[in-house]
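Q: Mind having a look at this structure? Questions to follow.
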Amino acid sequence: MLMQEERPAQADTSVILTVRNLESYYGPIMAIRGVSLEVREGQIVSVLGANGAGKTTLLKTISGVMDPEKGEILYQGRDIAGFDPDKIVRMGIVHVPEGREVFPLLTVEENLKMGAYVRSDADGIRQDQEMVYSYFPILAERRRQAAGTLSGGQQQMLAIGRGLMARPKLMLLDEPSLGLSPRLVKEIFTIIRRLNREQGVTMMLVEQNAKVALEVADYGYVMELGRMVMANDARRLMESKDVQEFYLGVQQETQRGQKRWKQKKTWR
Ligand SMILES: Nc1ncnc2c1ncn2[C@@H]1O[C@H](COP(=O)(O)OP(=O)(O)O)[C@@H](O)[C@H]1O
Ligand SMILES: [Mg+2]
């Protein structure tokens, strides 16, 4: 009772997602080794990590695609660990998977409609479709085209657009920059930021591309071998020596050769 009164009112209400000591396995392989993190409402939170760090597993566990072995996933104060993916979407969490995974034989418009499968408000769905087209005009132009014929960048836009059709409060984005040109990466991250600011969608994204991920984020985490090894404001993380060396490829003046080697080892 006293504790509650003493706690600053905003500190708790503004946290939309809290992950505590999460562990997930593939058979005997422990891919997530006790991960904890927090996402505040209205923010963009980036989780950085090299290939195999456990980023995808983390998102799959939050969105219910995988069940955790241990730990808590508190969404708006409720433990959703182990809930069906369907139920989690209905509660407002949408997962935009790694590699986009659009339905290649369906048209752009049909893909968007699939994203709204949890809804029945026809007018709202139509409005949101127009909202998606306003952020991604190229999708409007291609609305009758099969999604499989779109470029990688357009498919990423469609995957995000399809996710928006569920009216998420929290969007989980798995490597939205993967395989895209620097120009397209910039374009997509600009739109992610606009969606966050203008539509009020809280974003949690996981990325190997540390630079763009930190530029767009309010807060950041670094994951290595299934564990969180760093957490800080995005600006601070960007200034951190370790992040600069290992994730941003910035060379320090001293011990150049050794650090170049370390960086390579971490990345590949
Ligand atoms: N389907 C799977 N079966 C077994 N091991 C897996 C599977 N998917 C991922 N892993 C392992 O789990 C760890 C984390 O993988 P993942 O979450 O995909 O990392 P990231 O998304 O950061 O590249 C890696 O060691 C990976 O080899
Ligand atoms: Mg991955």
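What follows is calculated from the coordinates using simple rules that are stated; it is not laboratory data. All figures in this text were calculated on a predicted structure; none of them were measured in a lab. Reconstructed Cβ throughout: ideal geometry from the backbone, glycine too, with neighbour counts over all protein chains shown.
Q: With just the Cα atoms of the chain, tell me how far they stretch along each of the three principal axes, in Å, largest first.
A: Principal-axis extents of the Cα atoms in the chain, largest first: 58, 53, 39 Å.
Q: Summing -39500 (n - 2.57) over the DSSP H runs of n ≥ 4 in the chain and dividing by its residue number, what mean residue ellipticity at 222 nm do you reach, to the nearest 500 deg cm²/dmol?
A: On the way: 13 runs with 114 residues, N = 268.
Roughly -12000 deg cm²/dmol at 222 nm, from the helical runs in the chain.
Q: Read phi for every residue in the stretch 110-121 and hand back ³J(HN,Hα) as whole Hz from Karplus 6.51 cos²θ - 1.76 cosθ + 1.60, θ = phi - 60°, with x for Gly and Pro.
A: Karplus values, whole Hz, x for Gly and Pro: 5, 4, 4, 4, 4, x, 9, 4, 7, 10, 10, 7.
Q: For a Förster distance of 41 Å, can you work out the FRET efficiency between the beta-carbons of MET114 and ARG235, rounded to the nearest 0.05? Numbers along the way, then the final one.
A: Values: r = 38 Å, r/R0 = 0.92.
According to the calculation, E is roughly 0.60.
Q: Oh, and also: Under a 5 Å amide H to amide H cut-off, with H placed in plane at 1.01 Å, what residues pair with TYR25 once short-range neighbours are removed?
A: Result for TYR25 returns ALA31, GLU69.
Q: Could you list, in their original order, any pairs among LYS60/LYS169; LYS169/LYS241; LYS60/LYS186; LYS113/LYS169 whose Cα atoms are separated by more than 22 Å?
A: Working: LYS60/LYS169 17 Å; LYS169/LYS241 34 Å; LYS60/LYS186 25 Å; LYS113/LYS169 18 Å.
As for pairs spanning more than 22 Å Cα to Cα, those are LYS169/LYS241; LYS60/LYS186.
Q: Springs between alpha-carbon atoms under 10 Å, Gaussian network over the chain: tell me which of GLN208, GLN199, GLN155 tops the mean-square fluctuations.
A: Comparing GLN208, GLN199, GLN155 in a Gaussian network model of the chain, the most mobile one is GLN199.
Q: Using a simple spin-label model with points 7 Å from Cα along the Cα→Cβ vector, what separation in nm is obtained for THR149 and LYS186?
A: If labels sit at THR149 and LYS186, their model points lie 3.0 nm apart.
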